1. Here is a list of conditions, (1) in a helix (DSSP H, G or I); (2) within 29 Å of Glu155 (Cβ to Cβ); (3) more than 14 Å from the chain's Cα centre (by Cα), and Ile69 meets all of them except one; can you say which number that is?
2. Which residues, taken from the stretch 66-116, are farther than 19 Å from Gly21 by Cβ, among the polar types (S, T, N, Q) and touching a Leu at 6+ places or on another chain (Cβ under 9 Å)?
3. Suppose we filter Leu112, Leu152 for residues that are out of contact with any helix residue (DSSP H, G or I) (no Cβ under 6 Å at 6 or more places or on another chain), under 27 Å from Asn12 (Cα atoms) and in contact (Cβ under 8 Å) with a residue 12 or more places away in the chain; which single one remains?
4. At pLDDT below 95, touching an Asp or Glu at 6+ places or on another chain (Cβ under 7 Å) and either of a type in the set (Asp, Glu) or under 22 Å from Leu110 (Cα atoms) (or both): is that true of Phe43 in this structure?
5. Given (1) more than 28 Å from Phe130 (Cβ to Cβ); (2) in contact (Cβ under 8 Å) with a residue 60 or more places away in the chain; (3) surrounded by 17 or more Cβ atoms within 10 Å (Cβ to Cβ), where does Arg70 come up short, assuming only one miss?
6. Looking at Lys95, Lys103 in this structure, which one is surrounded by fewer than 17 Cβ atoms within 10 Å (Cβ to Cβ), modelled with pLDDT of 90 or more, assigned to a helix (DSSP H, G or I) and of a type in the set (Lys, Arg)?
7. Filtering the stretch 117-132 down to residues that are hydrophobic (A, V, I, L, M, F, W, C) and modelled with pLDDT under 75, which residue is nearest to Phe43 (Cα to Cα)?
8. Listed residues Asn131, Asn135; which is over 20 Å from Ala15 (Cα atoms), in contact with a strand residue (DSSP E or B) (Cβ under 9 Å, 6 or more places away or on another chain) and part of a helix (DSSP H, G or I)?
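The values are calculated or read from the model by the stated rules, or taken from the named source; none is laboratory data. Everything quoted here is computed from the prediction, not taken from an experiment. Here the Cβ is made from the backbone with ideal geometry for all residues, glycine too, and neighbour counts use every protein chain on show.
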Amino acid sequence: MKEVDKDRIIINAAAALFRSGGQVDTLAVDAVFEDTKAVDKAFVRKLLVPSLSVTVRYEDFADIRKGRIRCLSRAVHGLLAAWDEAASFEDAVRKAYTAQQFKDVLTEILHLYNLETKMVGKSTKFFHPFNTALNLFSDTLFDSMEETSVVLVGEYARTLFGDEAHAKT
């Protein structure tokens, strides 16, 4: 839910900018980044137990998260620009993107999320021996997330674009 909450912040900021007539490249990425940090900090506060100390170094992955904010915001802006009141979400996606463009956008968003997850794991410091276990786990988790992303992107593209999703453009 923490990730859903952060994505909701990004989507709402991009949608508000779109509704106001603003261009996606004028999104206040730093302000949105700070809002997402507040979600993380609330989550970490709930995790804390006396024998566990958690420190997250945002500087280790700030550029990656800001890239994800920009990427997701561009996707939201593109979808809203293609969406008329009569169209469904699926129609808006097909109007905004070719199958390959959709796959590329979704792949980029998921890759940045996966990379951020890996970097958060590497920048989060726990008491020893938790640190060693977390570092070993983060590389394996990243690889699994990347592999799963490829499958998910393919499935969503086939659902929305049918046979066109198989063609390279």
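1. Ile69 satisfies every listed condition except (3).
2. Matches in the stretch 66-116: Asn114 only.
3. Working: Leu112 fails: out of contact with any helix residue (DSSP H, G or I) (no Cβ under 6 Å at 6 or more places or on another chain).
Within the list Leu112, Leu152, the selection yields Leu152.
4. On the way: at pLDDT below 95: yes; touching an Asp or Glu at 6+ places or on another chain (Cβ under 7 Å): no; either of a type in the set (Asp, Glu) or under 22 Å from Leu110 (Cα atoms) (or both): yes.
Judged against the criteria, Phe43 is not a match.
5. The single condition Arg70 does not satisfy is (2).
6. Working: Lys103 fails: surrounded by fewer than 17 Cβ atoms within 10 Å (Cβ to Cβ).
Matching residue, one of Lys95, Lys103: Lys95.
7. Step one: list which residues in the stretch 117-132 are hydrophobic (A, V, I, L, M, F, W, C), which gives 119-120, 126-127, 130.
Going one step further and asking which of them are modelled with pLDDT under 75, we end up with 126-127, 130.
Working: Phe126: 15, Phe127: 18, Phe130: 19 Å.
Per the stated criteria, the residue is Phe126.
8. Asn131
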